[in-house]
Structure formats: structure tokens, C-alpha cells
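For reference, the structure is listed below as C-alpha cells.
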Amino acid sequence: MRTILIALFSLCASCASSPDVEAYRLALWNFHYESDKENEYRIYDSISSHFVGDCEDFAFTLAQRIGGNVWHIILPDGGRHAALVKSGIVYDNRSRQPIEKSQYQGEFIYIMQP
């Protein structure tokens, strides 16, 4: 029985999220995608309440909370996108989980400035 408890505790400990991942999940929960109408950037002060925008608005808002760089990306289908990259991890509003940059499907073109 003790071995089972130790194994369960170890499994739970390995599933624990970092503060960056928790912030990402909170931002995803509160974010509502809305197409850019005039190519403006909307950077919100908080991810703790409802906010709207497009991919770069999400990325810049999350970057304000956890740091990192917002990258302009060309997707495999030729579409243009923006996502936050910090310490080799991509935080993308189109994904429910962070993705290692080396595994991300897209070409990183340049770091965007707000």
C-alpha cells in the first residue's frame, strides 16, 4: 500500500504545473478570440478576467504577465500568426498545452514589438 501511495504522490508531483503554465491556462480560460479589425494591438493589464483580441493581443498580454518574446510566425498553410515564446516553450492561443519550440509547426520569422 505504501508503494502505491508513493507512486501516486510522485505522479501528482510530476503533473504539477509551473507558474507560467498556470498563467497560460488562466489566460486561455479568459480569452475570447476576435479578428483584428484595424491591425491594432490590445494589451490587457490582467489575464484574470475576460479579454478579447487576436493572436498577438493574447501573446502580448500573456508576455506582460510571464515575460518572453512574441514571435511573428508563418504557419504550414501559409497563414500568419503570433505566439509567445519563453525559454524554448511556445504559448499559443490555438493550443491547450504549451509546445516546445522545436516541435512547433511553423516558421519563426521575427520578434514583434508592441
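The values are calculated or read from the model by the stated rules, or taken from the named source; none is laboratory data. Quick caveat, the model's predicted, so the values are computed rather than measured. In this analysis, Cβ positions are derived from the backbone assuming ideal geometry, glycine residues included, and neighbour counts consider all displayed protein chains. Surface accessibility is based on the protein's heavy atoms, side chains included, excluding ligands, DNA and RNA. Shrake-Rupley method; radii C 1.70, N 1.55, O 1.52, S 1.80 Å.
Go through the stretch 42-77 residue by residue and tally those that are of a type in the set (Val, Ile, Thr), out of contact with any helix residue (DSSP H, G or I) (no Cβ under 6 Å at 6 or more places or on another chain) and under 17 Å from Ala23 (Cα atoms).
Summing the residues that are of a type in the set (Val, Ile, Thr), out of contact with any helix residue (DSSP H, G or I) (no Cβ under 6 Å at 6 or more places or on another chain) and under 17 Å from Ala23 (Cα atoms) in the stretch 42-77 gives 2.
Condition first: modelled with pLDDT under 95 and among the β-branched types (Val, Ile, Thr). Can you find one or more residues in the stretch 84-95 that meet it?
Scanning the stretch 84-95, I find no residue that is modelled with pLDDT under 95 and among the β-branched types (Val, Ile, Thr), so the answer is no.
Can you tell me which residue within the stretch 43-55, out of those that are touching a His at 6+ places or on another chain (Cβ under 7 Å) and not in a strand (DSSP E or B), is surrounded by the most Cβ atoms within 10 Å (Cβ to Cβ)?
Looking only at the stretch 43-55, we keep the residues that are touching a His at 6+ places or on another chain (Cβ under 7 Å), and these are 50, 52, 55.
From what's left, not in a strand (DSSP E or B): 50, 55.
On the way: His50: 11, Cys55: 20.
Within the stretch 43-55, the match that is surrounded by the most Cβ atoms within 10 Å (Cβ to Cβ) is Cys55.
For residues in the stretch 71-84 being outside any strand (DSSP E or B) and not hydrophobic (A, V, I, L, M, F, W, C), which is farthest from Ile111 (Cα to Cα)? Talk me through it step by step, then tell me what you get.
Going through the stretch 71-84, the residues outside any strand (DSSP E or B) turn out to be 75-79.
Pick out the ones that are also not hydrophobic (A, V, I, L, M, F, W, C) and you get 76-79.
Working: Pro76: 19, Asp77: 20, Gly78: 18, Gly79: 17 Å.
The selected residue is Asp77.
Within the stretch 85-114, work out how many residues are of a type in the set (D, E, K, R) and assigned to a strand (DSSP E or B).
3
How many residues does the stretch 82-105 hold that are open to solvent by less than 40 Å² (accessible area, probe 1.4 Å), touching an Asp or Glu at 6+ places or on another chain (Cβ under 9 Å) and either more than 20 Å from Asn30 (Cα to Cα) or without any contact (Cβ under 8 Å) to a residue 24 or more places away in the chain (or both)?
Count: 3.
Tell me yes or no: at least one residue of the stretch 23-36 is open to solvent by 50 Å² or more (accessible area, probe 1.4 Å), under 12 Å from the mean Cα position of the chain (by Cα) and either of a type in the set (S, T, N, Q) or at pLDDT below 95 (or both).
Scanning the stretch 23-36 turns up no residue that is open to solvent by 50 Å² or more (accessible area, probe 1.4 Å), under 12 Å from the mean Cα position of the chain (by Cα) and either of a type in the set (S, T, N, Q) or at pLDDT below 95 (or both).
Restricting to the stretch 29-58, what's the tally of residues that are within 20 Å of Gly79 (Cβ to Cβ) and in contact (Cβ under 8 Å) with a residue 40 or more places away in the chain?
Number satisfying all stated conditions: 4.
Of all residues in the stretch 56-70, how many are part of a strand (DSSP E or B) and crowded, with 23+ Cβ neighbours inside 10 Å?
First, pick out the residues of the stretch 56-70 that are part of a strand (DSSP E or B): 69-70.
Filter again for crowded, with 23+ Cβ neighbours inside 10 Å, leaving 70.
Final tally of qualifying residues: 1.
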